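Worksheet: the structure to be examined is printed underneath.
The values are calculated or read from the model by the stated rules, or taken from the named source; none is laboratory data. Quick caveat: nothing in here was measured; it's all calculated off a predicted structure. Don't worry about glycine lacking a Cβ; one is built from the backbone with ideal geometry, like all the others, and counts go over all protein chains shown.
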């Protein structure tokens, strides 16, 4: 299964949206509460959507449950990575490692065998993303812990990508899966926040609800588009193209947040772009 051109554009657009909502989290004073607010919004939209989509097929439920568990471990490892490491270093490691893992998991669990051209394109995209770890010219001396957490985050991304790819294809329609996943995945982190940070959350929502609505809406649309593409095309292709969100995030950081660009980021951008070209032309 290869990606048609309109699906490539769809996934790249999803990657752009994903970069924008991650910029919201990046610029937040309290990332945990911002993350919670974003997923609360996504859960509410998902809840409204299920009244229109109805229940998914019985064959879908095991994948939905597994995906929700994996997604919440992803949230945990991502937030721990941010806590113990530099965002500009741990995020490229997490996002750059996941497409390579998706190739392996999709082969083992879904019998998806990529072509040599596809593998070459995916490797280029991953190398380009991983190289952004060195965008500052050096790695901070935070130790092995944040790197390990970032790799675990990447493993969770790869795992839920493949589970969602198999799950969404097992139903008669992709829309119930998309709606129920968005609803269910937000419930655990919202409940945790209510139990452990209830006093902080209420005033935070009062001040930042617009940010939450915007970020939650963007996050939902971004992954809904990716899920739709997973239903139609090869999981490794979708995963690699989706992770170009890191490139978009770098561009947002440079031109909107005024973080600078530099030759290392330019080199990474060229490698990622060449990977997308190779993946689409030779994959």
Q | Hey, residue 106 touching a residue at least 60 places away in the same chain (Cβ under 8 Å), under 19 Å from residue 244 (Cα atoms) and in a helix (DSSP H, G or I) or not | A | no
Q) Among 249, 206, 268, which is the only one that is buried (at least 24 other Cβ atoms within 10 Å of the Cβ), more than 30 Å from residue 167 (Cα to Cα) and either at pLDDT below 90 or over 17 Å from the mean Cα position of the chain (by Cα) (or both)? A) 268
Q: Taking residue 236 as meeting all but one of (1) farther than 25 Å from residue 65 by Cα; (2) surrounded by 24 or more Cβ atoms within 10 Å (Cβ to Cβ); (3) more than 12 Å from the chain's Cα centre (by Cα), write down the number of the exception.
A: (1)
Q) What number of residues within segment 185-200 satisfy the criterion of being touching a helix residue (DSSP H, G or I) at 6+ places or on another chain (Cβ under 9 Å) and surrounded by fewer than 20 Cβ atoms within 10 Å (Cβ to Cβ)? A) 7
Q. For residue 49, are the conditions met, namely being touching a helix residue (DSSP H, G or I) at 6+ places or on another chain (Cβ under 7 Å) and not in a helix (DSSP H, G or I)?
A. no
Q | Whichever residue in segment 225-275 is in contact (Cβ under 8 Å) with a residue 24 or more places away in the chain and not in a helix (DSSP H, G or I) and, among such residues, is nearest to residue 96 (Cα to Cα) | A | 243
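Yes or no, residue by residue, for (1) closer than 30 Å to residue 209 by Cα; (2) touching a helix residue (DSSP H, G or I) at 6+ places or on another chain (Cβ under 6 Å); (3) crowded, with 22+ Cβ neighbours inside 10 Å; (4) modelled with pLDDT under 95:
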residue	(1), (2), (3), (4)
39	yes, yes, yes, yes
58	no, no, no, yes
68	yes, yes, no, no
71	yes, yes, yes, no
85	yes, yes, yes, yes
115	no, no, no, yes
Q | Which numbered condition residue 131 fails, given (1) closer than 21 Å to residue 94 by Cβ; (2) buried (at least 19 other Cβ atoms within 10 Å of the Cβ) | A | (2)
Q: State yes or no: is residue 212 surrounded by fewer than 20 Cβ atoms within 10 Å (Cβ to Cβ), over 24 Å from residue 98 (Cβ atoms) and either modelled with pLDDT of 90 or more or touching a helix residue (DSSP H, G or I) at 6+ places or on another chain (Cβ under 7 Å) (or both)?
A: no
